[in-house]
Amino acid sequence: MGRIGIDTNIVVRAIVKDELQQAQISLSVLQEIETYICHTVILETVWVLESVYKLSKVDIIKGLKLVFGLPKVFLEDSGAIALTLKWYDSGLDFGDALHLATAQRYKTFYTFDKALIKKAKEIPQIKVVEPSSGK
């Protein structure tokens with residue numbers, strides 16, 4: 001079998017282990033099959049862990065790092081995810097951190113989110129500003 005893609009629920013079950021049979025299957029898949037996890041699955045996983053399971057940021061990061069560290073797990077862009085986790089841990093919303101990490105090659109990121117602009121001042125890799133016009 002070649003590399004497979006997985007859905008959010010596989011990652012969530014592997015981290016939360018709330019349904020034992022599905023958790024065991026999820027862990028087996030992640031450990032035995034080359035598995036690809038795209039950014040959208042990671043983003044949704046964090047949303048589910050925060051909003052449904054009410055996990056702390058520390059527990060979310062710990063769980064994700066355990067999954068991402070498995071030898072047969074491949075990420076869409078591991079460098080961007082590493083930065084995302086770092087910035088999420090330092091106070092950014094996970095979605096905002098992922099946006100900035102994947103857009104950093106453009107050097108400037110426009111947003112109307114004043115809180116993001118303020119928090120992103122600590123990030124040297126990308127300038128986050130409010131657009132003044134379309135020019």
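Would you list Leu70, Leu43 from the most to the least accessible area, probe 1.4 Å?
Values: Leu70 40, Leu43 65 Å².
Accessible-area ranking of Leu70, Leu43, largest first: Leu43, Leu70.
Sort the following peptides by mean Cβ neighbour count (other Cβ atoms within 10 Å, averaged over residues), highest first: 46-52, 84-90. Could the numbers behind the result be given before it?
Numbers: 46-52: 16.4, 84-90: 18.6.
So the order, starting with the most tightly packed, is 84-90, 46-52.
Using 1/(1 + (r/R0)^6) with R0 = 22 angstrom and r between the beta carbons of Ile4 and Lys65, what's the FRET efficiency to the nearest 0.05? Mind showing how you got there, number by number?
On the way: r = 21 Å, r/R0 = 0.96.
Once rounded, the FRET efficiency stands at 0.55.
Skip the ligands, DNA and RNA, and give the accessible area per residue of the chain with a 1.4 Å probe, whole Å².
Details: 8080 Å² over 135 residues.
On a per-residue basis, 60 Å².
Specify the angular offset, from 0 to 90 degrees and rounded to the nearest 10, of the alpha carbon long axis of helix 20-32 from the longest principal axis of the alpha carbons in the chain.
With both axes taken from Cα atoms, the answer is about 80 degrees.
So how far, in whole Å, is the C-alpha centre of the range 21-85 from the one of the range 96-115?
Taking the Cα centre of the range 96-115 as reference, the centre of the range 21-85 is 22 Å away.
If you fit an axis through the alpha-carbon atoms of helix 78-89 and take the longest principal axis of the Cα set of the chain, what angle between them do you get, 0 to 90°, nearest 10?
Taking the Cα atoms of the chain, the angle to 78-89 is about 70 degrees.
If I compute solvent accessible area with a 1.4 Å probe over the protein chains, what percent of it on the chain is carbon and sulfur?
Details: 4440 of 8080 Å².
Within the chain, the accessible surface is 55 percent carbon and sulfur.
Which value in nm describes the separation of the simple spin-label points at Lys72 and Asp93, placed 7 Å from the Cα toward the beta carbon?
According to this spin-label approximation, the distance is 3.6 nm.
Can you pull the one-decimal nm distance between simple spin-label points at Ala82 and Glu34, each 7 Å off the Cα toward Cβ?
Using points 7 Å along Cα→Cβ, the separation is 2.1 nm.
Per the Cauchy relation, a quarter of the hull surface: what is the mean projected area of the convex hull of the alpha carbons in the range 21-79, in nm²? Walk me through the numbers on the way to the answer.
On the way: hull surface 16.8 nm².
Result: a mean projected hull area of 4.2 nm².
log10 I(q)/I(0), Debye, Cα-only the chain, no solvent, q = 0.13 Å⁻¹?
Summing over Cα pairs of the chain leads to -0.58.
The values are calculated or read from the model by the stated rules, or taken from the named source; none is laboratory data. This is a predicted model, so every value here is computed, not measured. For neighbour counting, all protein chains shown are included, and Cβ atoms are generated from backbone atoms with ideal geometry for every residue, glycine included. When the accessible area is computed, the model is the full protein with side chains, heavy atoms only, and any ligands, DNA or RNA have been set aside. Shrake-Rupley method; radii C 1.70, N 1.55, O 1.52, S 1.80 Å.
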